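Here the structure comes first, spelled out in structure tokens, and everything after it is commentary.
Laboratory data are not the source of any read-out in this text; all were calculated from the coordinates shown. Predicted model only: the values in this text are computed from it and were never measured. Note that each Cβ is placed from the backbone with ideal geometry, even for glycine, and that neighbours are counted across all protein chains shown.
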Amino acid sequence: MRIRDIKMKIHEESELYSPMDPDQMILSDDVASYLERAFLNKHRALMENYVITIISDTPVDKDHATRAIKQEFERQKDDIRFGLMRLMQKMVCLAALGVALLALWLYLAATTESVGVEILSIMGWVCVWEATSIAIMQRPELRIMQKNLDRLTHAEIVVQSADSSEENDRA
């Protein structure tokens, strides 16, 4: 299994956290978006482990930073879990509505010939199509994002001083 290193350079530990959070357990928006962008550019291979390296000019509390980073990714996973649940509800409702409209269309088509009956057919097929679209295209995409965030949640966090990383770059 390959290991991908996502590097992040800061001057001091306070740059990691939101300035509005007195407990410093919430990542700053800049750090969170950087980690997401860095990860999204590299998430193609499924058989990779991730290491997030924080390079800092001043000392960083590794345990505190690790908890904050993991909490951010857990929050994002919860958002996706909630989104998946809502998507499933929407899919089931659309499928049920589609089947009901198609059943009504079949019943009315046998007894009546009008444009309104054909509209029921179109509405039913659109509902079924949308439910199928959710099941085939949207849901799997969210599941992949959820798995990727899970991999990031379990990423190893490494803290380096800027001096040692410059020496490693020279070597």
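A few notes on this one:
- For residue 4, residues with placed amide H under 5 Å, excluding near neighbours: 49, 50, 51
- Annotation: amide H of residue 10 within the under-5 Å range of 55, 56, 57, sequence separation 5 or more or interchain, hydrogens built in the peptide plane.
- With contributions of -39500 (n - 2.57) from each DSSP H run of at least four residues, the per-residue ellipticity at 222 nm computed over the chain stands at -21500 deg cm²/dmol.
- Amide proton proximity set for residue 159, modelled H, under 5 Å, gap of 5+: 54
- Neighbour counting of Cβ atoms within 10 Å sorts the residues 107, 50, fewest neighbours leading, into 107, 50.
- Full extension of the segment from residue 126 to residue 84, taken as 0.36 nm per residue of separation minus the current Cα-Cα distance, would add 13.0 nm.
- Positive dipole terminus of the stretch 2-170, leading residue within 69, 11, 160 (C-beta point charges): 69
- About the Cα centre, charge dipole magnitude for the chain (Lys/Arg +1, Asp/Glu -1 at Cβ), debye: 940 debye
- Charge tally around residue 77: other residues with Cβ under 14 Å, Lys/Arg +1 each, Asp/Glu -1 each, net 0.
- Both radii were evaluated on the Cα set of the chain; the Rg over Rh quotient, with Rh as the Kirkwood radius, amounts to 1.26.
- Charge-dipole axis of the chain as Lys and Arg at +1 and Asp and Glu at -1 on Cβ define it, positive-most pick from 129, 54, 106: 106
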